[in-house]
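Notes for the one structure printed next.
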Amino acid sequence: MPQIDLVVLGLGYVGMPLAYEASLNGLRVMGVDIDNAVVDGLMAGRSHIRDVFDEDLGRMLESGFTATTSAEVISAAATVVICVPTPLDDQRRPHLKAVESAARQVSAHLSPGTLVVLESTAYPGTTEEVVLPILEQSGLTAGTDFFLAFSPERIDPGNPDFSVRNTPKIVGGHTAACAKAAESFYSRVVNKVVPVRGTREAEMAKLLENTYRYVNIGLVNEMLVLSEALDVDFWEVVGAAATKPFGFQPFTPGPGVGGHCIPVDPIYLSRRLQDLGSKSEFIDIADRTNERMPRYVADRVMKLRAPSEDRPTSVALLGVSYKEDVADARESPAIPLAEHLVAAGVEVRFHDPYIECLTVGGADLAALGSPDEAFRFADVVVVLQKHSQYLSTDFSPARTVLDTRGFLQGDNVVRL
Ligand code: SAJ
């Protein structure tokens, strides 16, 4: 009889909220992570995850939650959920090493009757063509000896309205018995379970959700660039279109698309299609458009006149995280933008209330202590993220401001 209701593999921004919600609902939960520092921090009551506060973690520990680097606990688990990263590699190809490694850990300790769920975002077929064979190296058979399902994570870090509990959970099983086991597990943790036909439909649903965003952000980025020739203030256009109460979801242009979801998930899909001899025109066009935005911003900066010379020699980037009010610079467009500017011979420094260090081309970019320090330093200040701090900042001392988010006013402000 399993002594543990749930083992979560991967204690990051996906795994920890799931472990917390399950603990809250009386499940006996353990967490496994490869990072000793993560495990030690959690066991010392320190949460490294924005949406799981130390008080929440304290309650989890009181209810018996334990974090460990040892995968042996899997043998005593009724359910194991894999929540490890699925990034792209240097060639922007799916990098499934963490998923394969986690699957091997499960396979080595898999006991009959266990439900195994993959939550890491991946292309249709990952669960059944990558994870399943590794699990069956245990000698157990999926669908009869153990259960296997896919359920996409829908964690939106920092979202005050939606948590694991109140976000509908899509679940696709390898077989009907697998689906039943997975639906039964999640119904103990979330308000609404959304069963789909199989693991591939569940994998694809997640990719559709984020490809939808990537393509629509690409659309407004393309329209922004084209609006110059049309002599149209596209920021006005977006604001006006957003008043339509139906049939239109506003997306805003920007300096590029960052984060570990939106610029990554659609490429998992497009690469899979390419491997199958097919392609997605929409993803390819959106990718080219979004990937080109940092260069477009750099070109716009270099056309701005500076007091001393006919082109800027010093630029300050304000807001180098990938999204407003988020302390994460993964895939941030600030990085390629800085590379373009440095290559053009410009001295580049940055300010961001959430980011202390930004490495560009192997070197740490100099950090500025405040927006005012940026105004004193730079010929041109480029605002990349609409951080709350900047909403109350007086930009009038700056010589020239390039606003890539369309929210600033002033004679010294140029909008992207
Ligand atoms: N971005 C734009 N214009 C937009 C929206 C976003 O340029 O109109 C840029 C952002 O600046 C950022 C990137 O795109 O660089 C991604 O932004 P995002 O708002 O999509 O934020 P993420 O990456 O945190 O996306 C997550 C996703 N959640 C999951 O995958 C579970 C996404 O599905 C959510 O819709 C999104 O959060 C959200 O709505 O906050």
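Of the residues making up the stretch 194-216, those that are closer than 13 Å to R154 by Cβ and crowded, with 22+ Cβ neighbours inside 10 Å number 3. E222: in a helix (DSSP H, G or I), more than 14 Å from the ligand (Cβ to nearest atom) and either of a type in the set (D, E, K, R) or more than 16 Å from T404 (Cβ to Cβ) (or both), yes or no? Answer is no for this residue. You will find that of I262, I217, the residue that is near the ligand (Cβ under 9 Å from one of its atoms), in contact (Cβ under 8 Å) with a residue 12 or more places away in the chain, under 17 Å from the mean Cα position of the chain (by Cα) and under 20 Å from L402 (Cβ atoms) is I217 and no other.
Scanning the stretch 167-191 for residues that are within 16 Å of the ligand (Cβ to nearest atom) and of a type in the set (D, E, K, R) gives a single hit, K169. Of the residues making up the stretch 148-164, just one is touching a Phe, Trp or Tyr at 6+ places or on another chain (Cβ under 9 Å) and away from the ligand (no atom under 16 Å from the Cβ), namely A149. Against the test of being modelled with pLDDT under 95 and part of a helix (DSSP H, G or I), the options E228, E209, E236 yield a single qualifying residue, E228. For the stretch 323-333, a residue qualifies if it is under 15 Å from H260 (Cβ atoms) and touching a helix residue (DSSP H, G or I) at 6+ places or on another chain (Cβ under 8 Å), and the qualifying residues are A329, P333. Among residues of the stretch 267-281 that are surrounded by fewer than 17 Cβ atoms within 10 Å (Cβ to Cβ), those with a beta-carbon under 7 Å from a residue that is modelled with pLDDT of 95 or more and outside any helix (DSSP H, G or I) at least six positions away or on a different chain give the pairs L273/K279; L273/S280. Determine if the stretch 259-274 includes at least one residue that is within 30 Å of A366 (Cβ to Cβ), small (G, A, S) and not in a helix (DSSP H, G or I). Looking through the stretch 259-274, at least one residue is within 30 Å of A366 (Cβ to Cβ), small (G, A, S) and not in a helix (DSSP H, G or I).
Only one of the numbered conditions (1) within 23 Å of the chain's Cα centre (by Cα); (2) within 23 Å of P124 (Cα to Cα); (3) more than 9 Å from the ligand (Cβ to nearest atom) is not met by R197, and that is (1). Put simply, of V348, V342 the only residue that is more than 18 Å from L416 (Cβ to Cβ), in contact with a Leu (Cβ under 9 Å, 6 or more places away or on another chain) and of a type outside the set (D, E) is V342. For D161, the conditions (1) crowded, with 16+ Cβ neighbours inside 10 Å; (2) closer than 24 Å to A242 by Cβ are fulfilled apart from (1). Of everything listed in (1) under 18 Å from G256 (Cβ atoms); (2) within 16 Å of the ligand (Cβ to nearest atom), the single unmet condition for L341 is (2).
Of the set (1) without any contact (Cβ under 8 Å) to a residue 24 or more places away in the chain; (2) not in a helix (DSSP H, G or I), all apply to R165 but (1).
Checking each residue in the stretch 288-310 for being in a helix (DSSP H, G or I) and small (G, A, S) picks out only A298.
Against the definition (closer than 18 Å to Q385 by Cβ, surrounded by 16 or more Cβ atoms within 10 Å (Cβ to Cβ) and more than 10 Å from the ligand (Cβ to nearest atom)), how does A286 come out, yes or no?
For A286, the condition - closer than 18 Å to Q385 by Cβ, surrounded by 16 or more Cβ atoms within 10 Å (Cβ to Cβ) and more than 10 Å from the ligand (Cβ to nearest atom) - is not met.
T141 passes every criterion in (1) touching a Leu at 6+ places or on another chain (Cβ under 9 Å); (2) exposed (fewer than 15 other Cβ atoms within 10 Å of the Cβ) apart from (1). Go through G254, G247, G172 for me and flag whichever is closer than 22 Å to P294 by Cβ and small (G, A, S). None of the others qualify; the one that does is G254.
The values are calculated or read from the model by the stated rules, or taken from the named source; none is laboratory data. In this text, all values refer to a predicted model and were calculated from it rather than measured experimentally. Quick reminder, even Gly has a Cβ in these numbers, built from the backbone with ideal geometry, and neighbours come from all protein chains shown.
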